[in-house]
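Note sheet for the following structure.
The values are calculated or read from the model by the stated rules, or taken from the named source; none is laboratory data. Here the structure is a predicted model, which means the values were calculated and not measured. In this analysis, Cβ positions are derived from the backbone assuming ideal geometry, glycine residues included, and neighbour counts consider all displayed protein chains.
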Amino acid sequence: MKFDSAASERIPSSPPKIEPILGDEPRPKWSVMIPVYNCAAFFPSAIESVLAQDLGPEDMQIEVIDDASTDVDVESLVIKIGKGRVGYFRQPENVGSLRNFETCINRSRGKLLHLLHGDDRVKVGFYTKIGSLLDSHPEAGAAFCKFCFIDKDGKTDHHSNFRDIEDGILKNGLLEIAIERPIQYVSIVVKRKVYEDLGSFYGVVYGEDWEMWVRIAQKLPIAYTPEILAEYRIHEGSISWLKEGNGQNTRDLATTIARIECNLPSSIQSKFSKTKKEAAFYCIAQANMNWKQFRNTKVAGEQIRIALSLNKSLILYYHIMKFYIKVFFKIY
């Protein structure tokens with residue numbers, strides 16, 4: 001699929017349509033689609049982590065979707081690493097992360113779709129385990145595992161703290177995904193048919209995945225394994241990191257929270273305050289970061305206002321007071 005950025009929104013205001021695959025031609029079980037943009041230091045590792053558990057071309061499509069990277073010749077690297085096994089598609093111009101994900105989904109041919117960001121990795125056993133989980137629970141629309149955080153050098157920092165329970169369907173999937181936020185792109189596999197029914201990512205470029213997983217959980221059961229089979233990389237060039245300095249992450253987070261909250265049943269909305277409180281403290285932390293690193297009181301002030309829109313507890317006001325004392329006395 002080619003995306004005409006001149007004729008469409010870079011950040012779509014509604015879920016983009018995913019075209020169904022028509023015809024009776026054989027399809028692989030898996031599509032591993034790897035969106036990349038200027039992450040040459042990491043995407044070879046992402047590709048290698050898939051090839052280490054390659055199920056063969058009949059069962060697994062592997063393709064890199066390049067959002068017009070400028071750091072290296074991505075195609076040459078893909079050919080060198082993949083040796084003909086990994087497909088490659090380059091956007092004619094940079095279209096942004098959401099449109100690149102949309103392209104990934106529309107170009108996929110498999111029944112199960114894994115969006116593996118070019119800076120993340122999967123551990124050996126990921127595809128076998130998640131595939132088995134979805135085979136055992138055909139009613140599920142998606143399945144995910146626990147993941148660990150890795151740094152720019154690939155060293156494990158810590159792992160997600162979602163509950164250790166038996167493999168299976170989450171009993172309170174919508175509640176847990178909305179409140180706990182236990183999923184990263186790298187850790188979840190979604191049936192392509194689900195994207196066809198619900199559309200792609202939209203609205204924001206920070207938190208768009210959380211909204212998607214909630215959207216799926218509103219309609220379908222979600223399967224889960226507590227095995228740590230995915231690695232989510234934290235580094236200064238990541239999509240989320242790049243949005244921190246200008247405050248886009250906190251603006252998007254507030255938009256996502258509002259969108260999720262208004263679509264939750266009343267029985268869950270009452271429990272959503274915990275999530276909003278945690279988000280408010282995240283905004284305060286971001287304000288402190290902006291003051292310390294960039295001396296950007298305008299963005300930091302906006303982040304304080306967003307925090308107050310999410311929560312008005314006494315402890316929050318205490319941390320806000322501490323922040324303004326730092327600003328007043330120029331404490332860095």
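Quick notes on this structure:
- Odd one out for N100 among (1) part of a loop (DSSP other than H, G, I, E, B); (2) in contact with a strand residue (DSSP E or B) (Cβ under 8 Å, 6 or more places away or on another chain): (1)
- Residue within region 98-107 that is of a type outside the set (F, W, Y), surrounded by fewer than 17 Cβ atoms within 10 Å (Cβ to Cβ) and more than 25 Å from F201 (Cα to Cα) present: no
Residues are listed down the side, and each one gets a yes or a no for (1) among the charged types (D, E, K, R); (2) surrounded by fewer than 19 Cβ atoms within 10 Å (Cβ to Cβ):
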position: V74; (1), (2): no, no
position: K80; (1), (2): yes, yes
position: L115; (1), (2): no, no
position: V122; (1), (2): no, no
position: S132; (1), (2): no, yes
position: D135; (1), (2): yes, yes
position: E139; (1), (2): yes, yes
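- For N263, the test of being within 26 Å of the chain's Cα centre (by Cα), closer than 16 Å to G207 by Cα and not aromatic (F, W, Y) is passed.
- Only one entry of I79, I62, I105 meets the criterion of being at pLDDT 95 or above, β-branched (V, I, T) and either more than 23 Å from the chain's Cα centre (by Cα) or part of a loop (DSSP other than H, G, I, E, B) (or both), and that entry is I79.
- Scanning region 302-319 for residues that are under 22 Å from A258 (Cα atoms), free of Cβ contacts under 8 Å to residues at least 40 places away in the same chain and surrounded by fewer than 17 Cβ atoms within 10 Å (Cβ to Cβ) gives R305, L308, K312, S313, Y317.
- Yes/no for S69 being closer than 22 Å to E231 by Cβ, of a type in the set (G, A, S) and touching a helix residue (DSSP H, G or I) at 6+ places or on another chain (Cβ under 6 Å): no
- Flag if V190 is free of Cβ contacts under 8 Å to residues at least 60 places away in the same chain, of a type in the set (A, V, I, L, M), buried (at least 18 other Cβ atoms within 10 Å of the Cβ) and touching a Leu at 6+ places or on another chain (Cβ under 9 Å): no
- Taking region 132-212 and the strands (runs of 3 or more DSSP E) fully enclosed by it, the elements with 3 or more residues that are under 27 Å from S267 (Cα atoms) and touching a Phe, Trp or Tyr at 6+ places or on another chain (Cβ under 8 Å) are at 142-150.
- Hits in region 293-318 - residues which are over 17 Å from T250 (Cα atoms) and assigned to a helix (DSSP H, G or I): L314, I315, Y317, Y318
- Which listed residue, of L133, L112, L77, is of a type in the set (A, V, I, L, M), touching a Lys or Arg at 6+ places or on another chain (Cβ under 9 Å) and touching a residue at least 24 places away in the same chain (Cβ under 8 Å): L112
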